[in-house]
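Below you'll find the structure, written out as structure tokens, and then a few comments.
The values are calculated or read from the model by the stated rules, or taken from the named source; none is laboratory data. It should be emphasised that the depicted structure is a prediction, and the values quoted were computed from it without experimental measurement. Every residue, glycine as well, gets a Cβ built from its backbone with ideal geometry; the counts of neighbours run over all protein chains shown. Ligands, DNA and RNA are stripped out before the accessible areas are found, and what is left, the full protein with its side chains, is counted by its heavy atoms. Shrake-Rupley method; radii C 1.70, N 1.55, O 1.52, S 1.80 Å.
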Amino acid sequence: MAGLTLSHIYKRYDNSGKKKKVKNDFAVKDLNLVCEQGEFIALLGPSGCGKTTTLRMIAGLEEITDGEIYIGERLVNNLHPKDRNIGLAFEDYAMYPPLNVYGNVAFNLRAKGVAKDEIDKRVRAIAPLMQIDDLLDKMPVKLSGGQKQRVNIARAIIREPELLLMDEPLSHLDGKARQAMRTEIKRLINKIRCTTVYVTHDQLEAMSLADKIAIINFGVLQQFGTPAEVYDDPANEFVASFIGEPPMNILETTIINKNGTFFFTFQDSNLQIAVPKRYYSVVHDGFRCKMGVRPMDVLIGGEDSQGTPEEIATFENLGDERRIGIHVGDVLMMLITEDEKRYKRGDIIKLEVRGEKTHLFDTETGDRIREKK
Amino acid sequence: MKNNKQKGLNILMNFLLIVYAVFALFPLIWMLLISFKSDTEVFTTTFIFHPTLANYQEVLLRSDYIRYIRDSVIVAGGAVLVSILVGVPAAYALARYNFPRKEELAFQILSYKFAPEILVVLPLFMIYQKMGLYDSYVGLIWVYQLISLPLLIWVVRGYFEDISVEIEYAAQVDGYSWYQIFFKMLVPLIKPGLVSSALLAFIFAWNCFTFPLILSSNKVYPVTVAIMKYLGTDSAHYGQLAVASTVSAIPAMVFALCIQKHLVRGLSFGAVKG
Amino acid sequence: MARIQLENIKKAFGKVQALDGITLDVKDKEFFVLFGPAGAGKTTILNCIAGIMMPEEGVVKFDGEIMNLVDSAHRNVAMVFENYALYPQMTVYDNMASALRSKLYKTDEAEIKKKIQWAAKIMKMENLLERLPSQLSNGQKQRVAMGRALVRNPNVFLMDEPLAHLDAKLRNSMRTELKEMQANLGSTCIYVTHDFMEAMALGDHIAIIKEGKIVQIGTGDEIYYMPCNEFTAQLMGDPEINIIDAEISGSGNALAASFGINGSTVTYELPMDSGVYAKIRDRQLKRADIGIRPQHVKYSFEPAEGYFKATVYSYESIGNKSVIVSDLGDVRHSQLRMIAPNGLRVEPDSDIYIRLEIDH
């Protein structure tokens, strides 16, 4: 059963008041998503890409220009937010300061007129889950960022919503606290098995939390898939460069034919890389495209390697791994190795890439060029 | 449907604004009208009368009015100048340095504005007479500090607090001495706050009535007090009074209009932090 | 460029002892990293070197010359601040020129222009020179702050977390650029950071600072492979090193460590390392905390020889790889982190089988 269905959603902001004509006036454009019951979906994209607008439309805080939203089997286009049976946890912890944590968590239920002992039962049930049992008597001002966020989420899920919406709930927390909270959320959602839509601009968060990731740019859905799919099989250049850290090396290349073997060649560089055989059906001599390969998939060849020798521009020893940068034209190509050998600037290494992890992208549109089956 | 509703709302709002504008501006317009009337017409006509410049001639040419204006400029301008000289360093110290009872001191400076003028003016009168400050420029400029200094210090302090201390460090490391840093780096940054608060202080000082009424008599005669002269014990020259008021209001109004945008932004910027 | 020495620097703010006897020797043309958690006193050290703050005790020397009484303008240091500290009213060009226009470092305008263009080219910001700081993104501001330091010819570059406010991607690429730039310039540089990757990647030598004291000084490899205590070991590495409670048994040349895991005991032989063996013997150690880095923890989802059973606590991506955290049950250090590839489907609370490769 589908937990949430977005069908051809458009959002256009009314620009009539502004003198300037905004070029891309659709904040969200023809968005289609189907989220299974109990699935955890991340909406991922750079700031201003329309992911928060989408979330607000699902919540009913924003009008929909066109399209249909279903929660479960219900069409909710014209329902008021309070009737959509959703839980919301926002970026800023909007807690009611005069109420203690218990009061904050119980607030929604009280407003709905749920019986007192029922409220108490539910609060007591949810508090240990969110690890806020010791905090129930405290006032919001006395809580740390992480604690506030926990209360915030508790407040969202206590209504037992059909759909839980979270908008960058971790962006106020710093490094360690953020990582710890991320783990908490993951475990919690796993326990309550509630359909969840999670908005973030942090690809790490999306990668580690979500069952499926919807990557959005300029209001257009770029790819919708599991973390493994978007990482290993990106639909286009945007997805490839957005997911993964350090980002994928994406280089403009011209393919040449040398005695029946195709090679990637690069401007202002002697680097040549063999084109994987599977692409032979789509490339030809002089074919221009972009080549993408993750730093982990660039390898240092041994003595007998066929790779072109290249000079190391930067060498960073990070303890767990070592990162090497090589100038290809004016682009720095990164490679990551767990090899214990210490190189230094100016050393020569032979470069190879993992053919099965090499992607081609169209120079103009950025779309993936796939081998013909 | 929605558009119509919005249109209606717009019309209603504009109507209310107009009503308010008339209400607020009417006394000023009334004053302006009176200034063109001859004494006989003041009470007998409202809008239809024979405009005359006689009042202006009388006030501007045949009385000491120009001297009063000059006194006002000297006193209010001097007060603001002194406030800047004293207030900016004070604001800097309050923003940057930590010393015991800092907040208390800052609050005390602000509290000068709380006291009703009439309350302090009587003891001051006695003190001034003893010290020979009575009826002097210095005396008035001094007492005007009660009006202009707290305002300036509080606004400018907010500005200083907004400048990160690292900017000063950076300039130090760049090879500048403290005075160079202050004038080259900091003064440009506090300028909006400084200018708007100084102008506001000037307007307040200009409009001050109680202090000059009691602490000065013949030698120093700011316009606010001078206006009273046209209300004689035996006869009231309302026309001339209106002229004197109108002319004295001009600087304040001109300033206020010129810096309107600047003023609101400049003051609120500091106010958020301060 | 100069050699920088600090001798027994002490500095207190009120009752808080920010620096408690810092002694450092930064050689000429060295890239020296001060590394430690927030509030350790790293920035205070830089401020003392720059002359922005006066230490209460101790000596700051540049090339052997005592600088304590020299004010910061005359010390000829260039500093990059954590919040960039750009002059908001000046364009990028004027910001960069400011030091060269001051009375002390007066340079003629033609020369300034040449230098700024050179620095702008290195920092890839030729197109930004006419803008005001408010029109720049954080990454650009950071470049300008660097550029402003670069145009000078100082005794030392002081950098205070210059990359801290950038997002992860930009931070990594800037770090790589910085590394390349430093190699080209060959200048003395003292760099403050709380990011261990920056410390490892950039520093010729790293000083670990904790609560105003130096914990360890050494090269990246020395500190990574031979941390002098648990604090250093935990600081170096992300994911953090695993610390496990172990019981030491055996004698002579065959010591073994046993861990209590989920009620049962797992025993590994300790690797032959005479130094460690000698130490354990000397102190008659019965118990020890053993640290093992996440990449040396092997896992399997099927039972296997030499592996013990635990449950998965979480599985998270950290970029180009992922971390599995497993729960060892009711022991003191109950969480064990290990490295795994991206894109696995691992459910929390499922079983996992683990082997420790203790010979690392």
Is it the case that region C:133-146 has a residue that's modelled with pLDDT of 85 or more, surrounded by fewer than 22 Cβ atoms within 10 Å (Cβ to Cβ) and among the aliphatic types (A, V, I, L, M)? yes
Selection from region A:324-357 of residues that are touching a residue at least 40 places away in the same chain (Cβ under 8 Å) and either open to solvent by 20 Å² or more (accessible area, probe 1.4 Å) or not in a strand (DSSP E or B) (or both): A:His327, A:Gly329, A:Asp330, A:Val331, A:Met334, A:Lys350, A:Glu352, A:Val353, A:Arg354, A:Gly355, A:Glu356, A:Lys357
Test B:Leu194 against the stated conditions and say whether it is within 14 Å of chain C (Cβ to nearest Cβ) and open to solvent by 10 Å² or more (accessible area, probe 1.4 Å). yes
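Of the residues C:Ala304, C:Ala310, C:Ala288, C:Ala340, only one is open to solvent by 40 Å² or more (accessible area, probe 1.4 Å) and either within 11 Å of chain A (Cβ to nearest Cβ) or at pLDDT 70 or above (or both); which? Can you show your working first?
Numbers: C:Ala310 fails: open to solvent by 40 Å² or more (accessible area, probe 1.4 Å); C:Ala288 fails: open to solvent by 40 Å² or more (accessible area, probe 1.4 Å); C:Ala340 fails: open to solvent by 40 Å² or more (accessible area, probe 1.4 Å).
Unique residue meeting the criteria: C:Ala304.
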Got at least one residue in region A:67-80 being assigned to a helix (DSSP H, G or I) and free of Cβ contacts under 8 Å to residues at least 60 places away in the same chain? no
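Scanning for something hydroxyl-bearing (Ser, Thr, Tyr) and out of contact with any Ser or Thr (no Cβ under 6 Å at 6 or more places or on another chain), does region A:187-197 turn up at least one residue? Explain how you work it out, then say what you get.
Looking only at region A:187-197, we keep the residues that are hydroxyl-bearing (Ser, Thr, Tyr), and these are A:195-196.
Pick out the ones that are also out of contact with any Ser or Thr (no Cβ under 6 Å at 6 or more places or on another chain) and you get A:195-196.
Within region A:187-197 (the criterion being hydroxyl-bearing (Ser, Thr, Tyr) and out of contact with any Ser or Thr (no Cβ under 6 Å at 6 or more places or on another chain)), the answer is yes, since at least one residue qualifies.
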Given the criterion within 30 Å of A:Met248 (Cβ to Cβ) and more than 10 Å from chain A (Cβ to nearest Cβ), identify the matching residue among C:Leu202, C:Leu178, C:Leu166. C:Leu166
Flag for C:Leu128 being among the hydrophobic types (A, V, I, L, M, F, W, C) and either touching a strand residue (DSSP E or B) at 6+ places or on another chain (Cβ under 9 Å) or under 30 Å from C:Asp63 (Cβ atoms) (or both): no
In region A:128-168, residue least open to solvent (accessible area, probe 1.4 Å) [restricted to those that are outside any loop (DSSP other than H, G, I, E, B) and among the charged types (D, E, K, R)]: A:Asp167
Among the residues of region A:281-314, which ones are within 8 Å of chain C (Cβ to nearest Cβ) and assigned to a strand (DSSP E or B)? A:Thr314
Within region C:167-200, restricting attention to residues that are of a type in the set (Asp, Glu) and under 9 Å from the mean Cα position of the chain (by Cα), which residue is farthest from C:Phe32 (Cα to Cα)? C:Asp195
One residue is enough: does region C:97-110 have a residue meeting the conditions touching a Gly at 6+ places or on another chain (Cβ under 8 Å), buried (at least 19 other Cβ atoms within 10 Å of the Cβ) and polar (S, T, N, Q)? yes
So the strands (runs of 3 or more DSSP E) completely within region C:180-246 holding 1 or more residues that are touching a Lys or Arg at 6+ places or on another chain (Cβ under 9 Å) are C:189-193, C:205-210
What are the residues in region B:34-62 that are open to solvent by less than 100 Å² (accessible area, probe 1.4 Å), part of a helix (DSSP H, G or I) and free of Cβ contacts under 8 Å to residues at least 60 places away in the same chain, if any? B:Gln57
Among the numbered criteria (1) within 13 Å of chain B (Cβ to nearest Cβ); (2) β-branched (Val, Ile, Thr); (3) open to solvent by less than 40 Å² (accessible area, probe 1.4 Å), which single criterion is violated by C:Ile45? (1)
Which condition breaks for C:Glu177 when tested against (1) among the acidic types (Asp, Glu); (2) more than 30 Å from C:Asn229 (Cβ to Cβ); (3) at pLDDT 85 or above? (3)
For C:Val26, indicate whether it is open to solvent by less than 20 Å² (accessible area, probe 1.4 Å) and β-branched (Val, Ile, Thr). yes
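Here is a check on your reading of the model: is C:Ile190 open to solvent by less than 50 Å² (accessible area, probe 1.4 Å), farther than 16 Å from C:Phe81 by Cα, among the β-branched types (Val, Ile, Thr) and modelled with pLDDT of 85 or more?
no
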Among the residues of region B:76-97, is there at least one that is outside any helix (DSSP H, G or I) and surrounded by fewer than 17 Cβ atoms within 10 Å (Cβ to Cβ)? yes
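Quick one: is C:Ile217 open to solvent by 20 Å² or more (accessible area, probe 1.4 Å), over 22 Å from C:Gln140 (Cα atoms), out of contact with any helix residue (DSSP H, G or I) (no Cβ under 6 Å at 6 or more places or on another chain) and away from every other protein chain (no Cβ under 14 Å)?
Judged against the criteria, C:Ile217 is a match.
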Taking only pairs six or more apart or across chains, which ones have beta-carbon atoms under 9 Å, a first residue in region C:62-86 that is under 22 Å from C:Lys106 (Cα atoms) and open to solvent by 50 Å² or more (accessible area, probe 1.4 Å), and a second residue that is of a type in the set (S, T, N, Q) and not in a strand (DSSP E or B)? C:Asp71/B:Gln172; C:Asp71/B:Ser177
Would you confirm whether or not region A:291-314 contains a residue that is within 32 Å of the chain's Cα centre (by Cα), closer than 20 Å to A:Glu364 by Cα and either open to solvent by 50 Å² or more (accessible area, probe 1.4 Å) or of a type in the set (A, V, I, L, M, F, W, C) (or both)? yes
Per the filter on region B:220-234, residues more than 20 Å from B:Leu53 (Cα to Cα), modelled with pLDDT under 75 and not acidic (Asp, Glu) are B:Gly232, B:Thr233
Number of the exception - C:Met197 against (1) crowded, with 19+ Cβ neighbours inside 10 Å; (2) touching a residue at least 60 places away in the same chain (Cβ under 8 Å); (3) of a type in the set (A, V, I, L, M): (2)
When every residue in region C:313-322 that is open to solvent by 10 Å² or more (accessible area, probe 1.4 Å) and touching a helix residue (DSSP H, G or I) at 6+ places or on another chain (Cβ under 7 Å) is compared, the one nearest to the other protein chains (Cβ to nearest Cβ) is C:Glu316
Looking at A:Ile69, A:Ile86, can you tell me which residue is open to solvent by less than 30 Å² (accessible area, probe 1.4 Å), touching a Pro at 6+ places or on another chain (Cβ under 6 Å) and modelled with pLDDT of 85 or more? A:Ile86
Selection from region C:98-119 of residues among the hydrophobic types (A, V, I, L, M, F, W, C) and facing another protein chain (nearest Cβ under 10 Å) yields C:Ala99, C:Leu100, C:Leu104
Of everything in region C:162-187, what is open to solvent by less than 10 Å² (accessible area, probe 1.4 Å) and touching a Cys at 6+ places or on another chain (Cβ under 8 Å)? Give them in sequence order. none
